[in-house]
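Participant: Have a look at this one.
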Amino acid sequence: MTLKESIDKAKKENKLVFLHKGEHCGYGVRSIKTLENSKQAGDFFNKHFINVRPKNETEIDAIFSNSYSPIYFFISPDEEVLMMIGSEKKPEKLIKFGKKILEGKIIKPNWLGLYTARMYPKNKKTLKMLSYSLQAHLILNLPDSIYTNTSFNIMDKIQVSNIENCRIQLLKSLDIGEYYYNRFLLALIYNKSGEKKKSKELAKNIMGKYPHKDYLFSRTMTDDFLMGIIERE
């Protein structure tokens with residue numbers, strides 16, 4: 001199930017989305033196995049949430065992070081990131097977080113200091129920043145494999161009719177803070193709308209800064225694309 005499909009399903013069933021990723025590191029792989037083997041966690045999350053573990057984590061990582069964490073996200077049907085957790089948690093701890101979210105309690109992001117604390121503002125505003133970027137991504141209806149799929153042109157996928165709404169969400173995101181994905185998407189939007197100078201400035205700013213240094217193919221693909229923006233007349 002893709003991220004968009006999970007949110008659409010959450011809207012129909014009036015549930016929240018529980019996004020769990022983690023195949024990028026040992027802690028994440030262990031957390032996946034631990035969670036899958038817990039009947040208590042399975043019963044709780046299957047009852048109250050739409051559960052999704054993305055097949056293509058490069059897309060999720062680009063939207064939500066600049067490093068190897070966070071690995072758990074709670075997302076509302078209205079495309080709001082309600083909470084993110086930046087380290088491995090035992091099933092019973094995740095259930096407690098889930099109950100608080102269901103009660104409407106918005107919690108400050110739970111950080112893994114080594115990675116996440118230096119990626120974003122360490123407060124609740126980070127969640128809003130990510131929410132606006134997520135909403136922009138969904139407005140554009142981009143595929144999950146945006147960084148690994150070479151069978152389409154990203155610029156061709158962007159519909160002119162969606163540009164203004166997407167721009168509004170991205171500027172809201174950037175007003176809170178900068179990270180890779182809100183700048184990357186805005187560079188595309190500026191380029192598509194003919195604002196070449198702004199597009200080039202953003203492209204130069206994020207060249208070589210793809211979130212995961214280990215994802216060589218994705219990093220090379222995005223840098224090649226950004227270089228095309230920079231060199232284009």
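Throughout, read-outs are computed from the coordinates displayed, never taken from laboratory work. All figures in this text were calculated on a predicted structure; none of them were measured in a lab. Cβ sites come from the backbone with ideal geometry, for glycine too, and all protein chains shown count toward neighbours.
Participant: Based on the Cβ-Cβ distance from Asp8 to Lys33, what FRET efficiency comes out when R0 is 35 Å, to the nearest 0.05? Walk me through the numbers on the way to the answer.
Facilitator: Details: r = 28 Å, r/R0 = 0.81.
The computed FRET efficiency comes out at 0.80.
Participant: Same structure, new question: Which pairs, out of Lys21/Lys47; Lys39/Lys105; Lys99/Lys172, put more than 27 Å between their alpha-carbon atoms?
Facilitator: Result: Lys99/Lys172 exceed 27 Å.
Participant: Compute the distance in nm between two label points, each set 7 Å from the Cα along the Cα-to-Cβ direction, one at Glu92 and one at Asn46.
Facilitator: Roughly 2.2 nm, to one decimal.
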